[in-house]
Amino acid sequence: MRWDYTTPEKKTFVSDGHKLYSYIPKDKQVIVATVPPNDEAPTPALFLTGKGNIERDFSAAFDKVAEAPPGTIALKLTPRKREPEFDWLTLVVTPDTLTLSMMITVDTQGGRSVFSFKNLKENVGLADNEFVFKMPRGVDVIDAGAK
């Protein structure tokens, strides 16, 4: 998995399937975590690894999203088992292609995060080296598994 954000600030998240690297250049630090086994992984991680199942993992209902692009539909997904990272999420998709245009999550404190996807390209045949994280010079490395 690789996600590169440009706004509101640069961020890079890279996983090689064993480790997950979270890098925010402004903070000059990289957080390194071990990817949990499937039976311990949170629901969102299962979807990133292709092991998720919407019917099994969520209760689904149509939702209304005021800022959704015209012609899209919103599906609110509430996890069947309690998730520490979020209470529910909403996916906004184009009905005929199921292209994802937005994802909205609400955390346990009521915080709302909105992700908008533009020019999203899926399964474009990236080289394996795109998923190898190259540690930048001068950053602090934080081991998220350290006790």
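The values are calculated or read from the model by the stated rules, or taken from the named source; none is laboratory data. Not measured: the values here are computed from a predicted model. Cβ placement follows ideal geometry from the backbone for every residue including glycine, while neighbour counts extend to all protein chains displayed. Note: areas computed on protein heavy atoms with side chains; ligands, DNA, RNA excluded. Shrake-Rupley method; radii C 1.70, N 1.55, O 1.52, S 1.80 Å.
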**Request:** Would you mind pulling out the separation of the Cα centroids of segment 15-36 and segment 55-104, in Å?
**Result:** 26
**Which listed pairs, of K11/K76; K10/K64; K19/K134; K10/K121; K19/K76, have C-alpha distances above 22 Å, in listed order** = K11/K76; K10/K64; K19/K76
**Total formal charge among the other residues, if their Cβ is under 13 angstrom from that of I73, Lys/Arg +1 and Asp/Glu -1** = 0
**Charge dipole of the chain about the Cα centre (unit charges at C-beta), most positive-ward option of P136, I54, S15** = P136
**Asked** What net charge do the residues around I24 carry, taking every other residue with its C-beta under 14 Å from that of I24, with Lys and Arg at +1 and Asp and Glu at -1?
**Response** 0
**Asked** Heavy-atom accessible area per residue, segment 51-147, 1.4 Å probe: how many Å²?
**Response** 74
**Message:** Along its three principal axes, how long is segment 62-147 when you only count alpha carbons? Whole Å, largest extent first please.
**Reply:** 45, 35, 23
**Request:** Loop only per DSSP, at most 13 neighbouring Cβ atoms within 10 Å: give me the chymotrypsin sites (Phe, Trp or Tyr not before Pro) in segment 83-147, ordered by residue number.
**Result:** F117
**Request:** Let me know the shape class of segment 108-147, please: from the alpha-carbon gyration tensor, a ≥ b ≥ c as square roots of the eigenvalues, rounded when a/c is under 1.5, otherwise prolate if a/b is greater than b/c, or oblate.
**Result:** oblate
**Asked** If you compute Rg/Rh (Cα atoms, Kirkwood Rh) for the structure shown, which of (i) 0.97; (ii) 1.08; (iii) 1.30 do you land on?
**Response** (i)
